[in-house]
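Remarks on the structure that follows.
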Amino acid sequence: FIVIAVVFSILLFGNFENMGLAVAIALVVALGAIGGVDDYVKLTGRNKKGISFFAKLAGQWIAALACGIAIDLVLRQMHPDNPELAGQIFFPILPTNCYLDLGNWYFLFVAFVIVACSNAVNVTDGLDGLAAGCLVIACFAYAIIAYVAGRIDYTLYLDIPYVTTSAEMTVVCTAMLGACLGFLWFNSYPAQVFMGDVGSLPIGGLLGLVACVTKQEFLIVLVGGVFVVEILSSFLQIVWFKMTGRRLFLIAPLHHHFQFKGLSEPKITLRFWIV
């Protein structure tokens, strides 16, 4: 239902003269299909762990690389007077003349951001309302960012890169926002429905795509800070355990660590939202 809500809203309200919307829909459908297969395998009892980690990751990378190439082409097409913009990465706070130019290799960076965000949201989806609430906040923030980055007057005033394609990403962000709010109504503690991989993978990946299209990739570290901390806690737990034979946290990801410390599920969720 999350995927259907997002796709239907984009189809209803989006201006498809901007091909970035077609790329967004393709990514949602592709990652939703991968997550759907994984959930189906789990729920039918064929394998309680779902499809293998490497198969799921390979599918994510294939979808992300295809979208990375497509977005690179769309950005170049939408900025014929400045095609170099497509391969440039800008840094928050620094002026627009301070950037890293990846050129034709930018699509690899886009793919990495999509895969990282997709898995980060998936890892965060462990408590009732946690991932959905954090997504609502992140989507709301990027809806504003997308609108501002698509207005030449605002970008000149704020000294951030003007991206023509960014304006329609506001529709994508508000579609995600609406879908996550509707889901959160039933997912709040105690949850009646669960997001599953079919919901978390596409929404996380789409958030990463929006960050790249708006040329505000590094802001995702702040806007999606909870997702970043959650996936880092899992990564650090694995590395630390292999190096020392001991656990860095009681259990990973981080929200379960606080559960083991005795905090109630609603309190952890609400405090993560506040962060």
Looking only at the stretch 4-24, how many residues end up being more than 18 Å from ARG76 (Cβ to Cβ), over 17 Å from the mean Cα position of the chain (by Cα) and surrounded by 12 or more Cβ atoms within 10 Å (Cβ to Cβ)? 6
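Residue by residue, here is whether (1) touching a Lys or Arg at 6+ places or on another chain (Cβ under 8 Å); (2) of a type outside the set (Lys, Arg); (3) open to solvent by 50 Å² or more (accessible area, probe 1.4 Å); (4) within 19 Å of LEU207 (Cβ to Cβ) holds:
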| residue | (1), (2), (3), (4) |
| --- | --- |
| THR44 | no, yes, yes, no |
| ASN47 | no, yes, yes, no |
| GLY50 | yes, yes, no, no |
| TRP61 | no, yes, yes, yes |
| ALA70 | no, yes, no, yes |
| ASP81 | no, yes, yes, no |
| GLY87 | no, yes, no, no |
Residue pairs qualifying under the 7 Å Cβ cut-off, at least six apart or on distinct chains, with the first in the stretch 131-159 being without any contact (Cβ under 8 Å) to a residue 24 or more places away in the chain and of a type in the set (Val, Ile, Thr) and the second being assigned to a helix (DSSP H, G or I) and open to solvent by 70 Å² or more (accessible area, probe 1.4 Å), are VAL148/TYR154; VAL148/LEU158
Residues of the stretch 183-218 that turn out to be open to solvent by less than 40 Å² (accessible area, probe 1.4 Å) and either touching a helix residue (DSSP H, G or I) at 6+ places or on another chain (Cβ under 8 Å) or acidic (Asp, Glu) (or both), as a count: 25
Can you say whether PHE227 is of a type in the set (Phe, Trp, Tyr) and either over 30 Å from THR165 (Cα atoms) or open to solvent by 50 Å² or more (accessible area, probe 1.4 Å) (or both), as far as the supplied structure shows? no
Condition met for PRO95 (out of contact with any helix residue (DSSP H, G or I) (no Cβ under 8 Å at 6 or more places or on another chain) and in contact (Cβ under 8 Å) with a residue 12 or more places away in the chain): yes
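The values are calculated or read from the model by the stated rules, or taken from the named source; none is laboratory data. What you see is a predicted model, and the numbers here were worked out from it, not measured in a lab. Cβ sites come from the backbone with ideal geometry, for glycine too, and all protein chains shown count toward neighbours. For the accessible areas, the whole protein counts, side chains as well, though only heavy atoms, and no ligand, DNA or RNA atoms are used. Shrake-Rupley method; radii C 1.70, N 1.55, O 1.52, S 1.80 Å.
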